Amino acid sequence: MQADTGTDSARFLAAGARRSFWLRTKQGFLAEGLPLLRAALQETLADANGDLPPLIVESNSLLQFLKPSLYFSVVDPAKEDFKDSARVALDRADALVLRGSSDSFPSMEPAWMKLPSRLLREKPSVSQGEGEPLPEPLRVLVRRMLEGPPGVSI
């Protein structure tokens, strides 16, 4: 993957990731792609001489097959679309990253969200505008997770 293609994977590389993989499958066939993902992760582990490097996985659908050490969900009430996979996994998020103005939540609740306002009130959340640096509370959560033992389970 090249760092200048405009994809999420390219943005990861541009931000300093050593490697980036894009696993695409037909709708409903993610399980068939898991062997390819495992092989890529095993190759990454081998390249790291056995030390498991921190991994960022950008996927709601993979939550069907693994439990990450840390899971953030990005919610933007100004966007018209909201993937079903994101809606289903929202209650599993460790924190919500809210896009848009802070006074948009929870009062601005577009029909696509169909989320209980309780969820927006009870989940830890931070506001982060598009292109802004990582807010300090998220930085602290990520740092804490990275300092502990790996905790992903498949």
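The values are calculated or read from the model by the stated rules, or taken from the named source; none is laboratory data. Quick caveat, the model's predicted, so the values are computed rather than measured. When we count neighbours, we look across all protein chains shown, and the Cβ atoms used for this are built from the backbone with ideal geometry, even at glycine. Areas reflect the complete protein model, heavy atoms only, side chains present, ligands, DNA and RNA absent. Shrake-Rupley method; radii C 1.70, N 1.55, O 1.52, S 1.80 Å.
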Problem - Answer from Ala15, Ala111 - the residue that is on the phi < 0 side of the Ramachandran plot, at pLDDT below 80 and open to solvent by 70 Å² or more (accessible area, probe 1.4 Å) - result: Ala111
Problem - Verdict on Thr5 being outside any loop (DSSP other than H, G, I, E, B), open to solvent by less than 90 Å² (accessible area, probe 1.4 Å), more than 18 Å from Leu134 (Cα to Cα) and modelled with pLDDT under 85 - result: no
Problem - Residues satisfying the stated conditions in region 18-31, i.e. small (Gly, Ala, Ser), part of a loop (DSSP other than H, G, I, E, B) and surrounded by fewer than 15 Cβ atoms within 10 Å (Cβ to Cβ) - result: Gly28
Practice task
State the number of residues belonging to region 32-73 that are in a helix (DSSP H, G or I) and either in contact with a Gly (Cβ under 6 Å, 6 or more places away or on another chain) or of a type in the set (Lys, Arg) (or both).
Solution key: 1
Exercise for the section: Return the pairs, sorted by first residue and then second, in which the second residue is of a type in the set (Phe, Trp, Tyr) and surrounded by 12 or more Cβ atoms within 10 Å (Cβ to Cβ), the first residue lies in region 44-63 and is within 20 Å of Leu13 (Cβ to Cβ), the beta carbons are less than 8 Å apart, and the residues are 6+ apart or on different chains. Expected result: Ile56/Phe12; Glu58/Phe12
Practice task
Please work out which residue is most open to solvent (accessible area, probe 1.4 Å), limiting yourself to region 32-46 and to residues that are more than 19 Å from the chain's Cα centre (by Cα) and among the aliphatic types (A, V, I, L, M).
Solution key: Leu36
Exercise for the section: Starting from region 72-100, keep only residues that are aromatic (Phe, Trp, Tyr), then list their pairs with residues that are modelled with pLDDT of 80 or more whose Cβ atoms are within a distance under 7 Å, requiring at least 6 positions of separation or different chains. Expected result: Phe72/Ala93; Phe72/Asp94; Phe72/Ala95; Phe72/Val97
